[in-house]
Amino acid sequence: QVQLVESGGGLVQPGGSLRLSCAASGSIFSLNAMAWYRQAPGKQREMVATITTGGSTNYADSVKGRFTISRDNAKNTLYLQMNNLKTEDTAVYSCNTPGGGYFRWGQGAQVTVSS
């Protein structure tokens, strides 16, 4: 079973940047499209960015132009570069496969955007 470990969260002011990482155990990572999700307090989990095995990306309208998803298959690691952060980006961010998540969920990374 693949294990996912997210890191890189923290407290940042509006307009700031953070880079999240998701380390996956096992070589199966390179065989799967991956996605970043987020869940704000009191809201449902939403998928914000996806990346295929070939590197094609897609973004939710709310983060388009500000977030960049990337992957390093040699390191079994997924990244999310988040720029120009807004208070509404505050959430727990998690990685998994697109469409609801096939792997067991990790603990997530808390991102708090506040002045």
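Observations
- Accessible-area value, Val92, 1.4 Å probe, nucleic acids and ligands omitted, Å²: 50 Å²
- Share of carbon and sulfur in the accessible heavy-atom surface of segment 2-46 [1.4 Å probe, %]: 50 percent
- Per residue solvent-accessible surface (Å²) - the chain, probe of 1.4 Å: 52 Å²
- In the context of the full protein assembly, Thr68 retains an accessible surface of approximately 70 Å², using a probe radius of 1.4 Å and ignoring ligands and nucleic acids.
- Each of Ser115 and Ala74 was given a label point 7 Å from its Cα along the Cα-to-Cβ line. The distance between the two points is 4.3 nm.
- Normalised by the number of residues in the chain, the average gap of Cα pairs under 8 Å and 6 or more apart makes the relative contact order 38 percent.
- The label point for Asn58 and the one for Leu11, both projected 7 Å from the Cα toward the Cβ, are 3.7 nm apart.
The values are calculated or read from the model by the stated rules, or taken from the named source; none is laboratory data. Just so we're clear, the structure is a prediction, and the values are computed from it rather than from any experiment. Neighbour counts are summed over all protein chains in view; Cβ atoms, including those assigned to glycine, are modelled from backbone coordinates with ideal geometry. Side chains are part of the model used for accessible areas, which takes the heavy atoms of the whole protein and leaves out ligands, DNA and RNA. Shrake-Rupley method; radii C 1.70, N 1.55, O 1.52, S 1.80 Å.
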